[in-house]
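Engineer: Attaching a single structure in structure tokens format; questions to follow.
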Amino acid sequence: MKTIPSSPRRRRMHGGKLLLCTALLGATLPTTVRSNPSQKQHHTRTTPQGSAQFRLRHDTASTRFGLNPSSQVLVSSSSAAAASAAPKPPLPAEAVREAEQHQQPVLHERFDSVRKEYSLSGDGGPIDAFLRDVGLIHETLNTTLTTPDHRLTKYPCDSSYSRIWTNRDWDKHCQGPLKRYSRHALSWPVSTTAKQVMPIVLVWGLYATTLCVLSKCIPGMIPLLKKICLNDGGLMGSFSASPIALLLTLRVNRALDRLLDAKKNWGFMKRSIRSLAGLLCTYVGPNNGEVALLACRYLVLLPWSLKGFLREQDDEAIIRTMLPPDEADWLLSSPAEHPLAILGRLRSLIVAAGEGTESSPMLCDTAQLQMAERLYDLETVVGTSKRLLGSPIAPTFTRHTSRLLCLFLCLLPPSLLGSGVMPLTVVMTTLLTSYILVGIDEIGLKIERPFPFIPMHHICTMSQGNVKNQVIMSRDIRGMQSRGGK
């Protein structure tokens, strides 16, 4: 005989099943169960007359409700006259059929419907709807958020931040010095860095040209500049360029560190999303497919929403494409940033899946811990991205570097003229020096804000592809296991 379960929830379910069995046999009085674990458990009912008892075996009913087939039910009968007057109770087989007709939909309706929702592969199923919505992101949405980065840039040949490189890109990048230098020199007219720094370079060139003209027009200017020069190196000898080089080096190194952190951060997010999607499809999907698919929709949406937050792009269209109307309205009206709201919703879905219901078992502790860790990783990604966006390199460092560069370039032409350098050489040297130093400073300033230099569109596309593949593989694996009987 099966003992009473120790869990309160299981004890209630066990008692409910016994009450259902006795009710189907025509009894009207409550059941009493002996709780001594050392004795065999029998479920006994007694009529007010307390007449003789009879025992009925109900192996079929016990099997239906998960009880021990060898257990027996003791039912009390009334007196002979009362027994003949009372309606005849149904046979055990009829009781079992009646229970299967009326109680099976009640006990298993939600579990079967949820399982059917997650396992459907025909047209109109939830998985097909999920796959269709994922495909709509690139097929129908025509927004700045979902447009590839190389289409938004003025010079698409510069692909270092517009897409992820392939082996073909690396082969082209690592060509021999002759081909590489020739290609870079020929592309100089369309260089974005050159176009950005050229105005200030021309300003310094105009300044050097003005000094050269004044030195020709004013006879005493050249002797004055020679007196200012301390030696053959002129003022450049006393005012060394080492501090400028040190400041520029430190600035560019710090900017490169920020760019590296941003790239690692987004790569870490892609891996965490893939892992969390796999855990949801494996542990939550078979028993609670509705929650698993909704969580996967939020996982597809997370990188796009983070991209929109970091680049100030509207994500309403993709939110309404991927989420049900009530979920989309909640997310759009949330006071928090959309990435943080998505993480909060994912946490609530994971908690709901872990608690379990009468129709779906609780998740094991290992699965809940793994999903909680992946969610923490995604929170770290969002937090790191917000830190990089909100805390640049100290502006004082940037201002001091710019001021020293201006002072250096302002003193360079007089120093060269006082050293006896030809005016044309002074102008060319000033132009070249300003282009080099200002170009390095501009590159450091640009990569200090790393997110425009990350191929976010390709990373978002790969992340949604990973979630999509996890859903498809989980469905196919369960279908293969069901066909194989495993």
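Engineer: Give me the distance in nm between label points sitting 7 Å out from Cα along the Cα-to-Cβ direction at Asp171 and Arg449, one decimal.
Structural biologist: My value for the distance between the label points is 3.7 nm.
Engineer: To check my understanding: the extent here is largest minus smallest coordinate of the Cα atoms along each principal axis. What are those three numbers for the stretch 269-396, in Å, largest first?
Structural biologist: 60, 31, 22
Engineer: Let me ask something additional. If you stretched the chain out fully between Trp188 and Lys264, how much longer would it get, using 0.36 nm times the residue separation minus the C-alpha to C-alpha distance?
Structural biologist: Values: separation 76, 0.36 × 76 = 27.36 nm, distance 3.05 nm.
Length gained between Trp188 and Lys264: 24.3 nm.
Engineer: Same structure, new question: Tabulate in residue order the Karplus-calculated ³J(HN,Hα) for the stretch 407-419, using 6.51 cos²θ - 1.76 cosθ + 1.60 with θ = phi - 60°, rounded to whole Hz; enter x for Gly and Pro.
Structural biologist: Ordered by residue, 3J(HN,Hα) equals 5, 5, 6, 6, 8, 5, x, x, 5, 5, 5, x, 8 Hz.
Engineer: Between Thr425 and Ile472, what is 0.36 nm times their sequence separation minus the Cα-Cα distance? Round to one decimal in nm.
Structural biologist: Numbers: separation 47, 0.36 × 47 = 16.92 nm, distance 6.82 nm.
Roughly 10.1 nm would be gained on extension.
Engineer: Would the stretch 401-486 count as rounded, prolate or oblate if I go by the C-alpha gyration tensor, calling it rounded below 1.5 in a/c and otherwise prolate when a/b exceeds b/c, oblate otherwise? Walk me through the intermediate numbers first.
Structural biologist: On the way: a/c = 9.50, a/b = 5.84, b/c = 1.63.
Here the stretch 401-486 falls in the prolate category.
Engineer: Over the stretch 393-458, give the accessible area per residue in Å² for a 1.4 Å probe, as an integer. Walk me through the numbers before you get to the answer.
Structural biologist: Numbers: 3000 Å² over 66 residues.
Normalised by residue count, the accessible surface of the stretch 393-458 is 45 Å².
Engineer: Go through Val213, Val300 and list them by solvent-accessible area, largest first, probe radius 1.4 Å.
Structural biologist: Numbers: Val213 80, Val300 0 Å².
In descending accessible area the options line up as Val213, Val300.
Engineer: Here is a follow-up. Of all accessible surface on the stretch 335-443 at a 1.4 Å probe, what whole percent is carbon and sulfur?
Structural biologist: Details: 3600 of 5360 Å².
Exposed carbon and sulfur together represent 67 percent of the surface.
Engineer: Roughly how many Å² of Phe397 are accessible to a 1.4 Å probe, to the nearest 10?
Structural biologist: Solvent-accessible area, nearest 10 Å²: 60 Å².
Engineer: Please arrange Ile137, Ile350 by accessible surface area, largest first, computed with a 1.4 Å probe and ligands excluded.
Structural biologist: Numbers: Ile137 0, Ile350 20 Å².
Reading off the accessible areas and sorting them downward yields Ile350, Ile137.
Engineer: Using the heavy atoms of the protein chains and a 1.4 angstrom probe, tell me the accessible area per residue for the stretch 180-229 in square angstrom. Could you put the intermediate results ahead of the total?
Structural biologist: Working: 3380 Å² over 50 residues.
Here the residues of the stretch 180-229 average 68 Å² of exposed surface.
Engineer: With a cap of 15 neighbouring Cβ atoms within 10 Å, and only residues DSSP puts in a loop, list the GluC sites (Glu not before Pro) found in the stretch 331-429. List each step's numbers first, then the result.
Structural biologist: Numbers: sites: Glu337, Glu355, Glu358, Glu373, Glu379; in loops: Glu337, Glu358.
Taking the stretch 331-429 and a limit of 15 other Cβ atoms within 10 Å, the loop GluC sites (Glu not before Pro) found are Glu337, Glu358.
Engineer: Let me ask something else. Which of the pairs Lys264/Lys468; Lys172/Lys270; Lys172/Lys446; Lys446/Lys468; Lys195/Lys263; Lys179/Lys263 have their Cα atoms more than 32 Å apart in this structure? If you can, show how the numbers build up before the last one.
Structural biologist: On the way: Lys264/Lys468 23 Å; Lys172/Lys270 27 Å; Lys172/Lys446 25 Å; Lys446/Lys468 35 Å; Lys195/Lys263 26 Å; Lys179/Lys263 29 Å.
Over 32 Å apart, Cα to Cα: Lys446/Lys468.
Engineer: Let me ask something else about it. How much length, in nm to one decimal, is gained on full extension between Asp329 and Asp377, taken as 0.36 nm per residue of separation minus their Cα-Cα distance? Kindly include the intermediate steps, with their values, before the conclusion.
Structural biologist: Details: separation 48, 0.36 × 48 = 17.28 nm, distance 2.65 nm.
Difference between extended and current length: 14.6 nm.
The values are calculated or read from the model by the stated rules, or taken from the named source; none is laboratory data. Just so it is clear, the structure is predicted and the values come from calculations on it, not from any experiment. FYI the Cβ positions are ideal-geometry reconstructions off the backbone, even for glycines, and counts take in every protein chain you see. Surface areas here come from the heavy atoms of the whole protein model, side chains and all, with no ligands, DNA or RNA. Shrake-Rupley method; radii C 1.70, N 1.55, O 1.52, S 1.80 Å.
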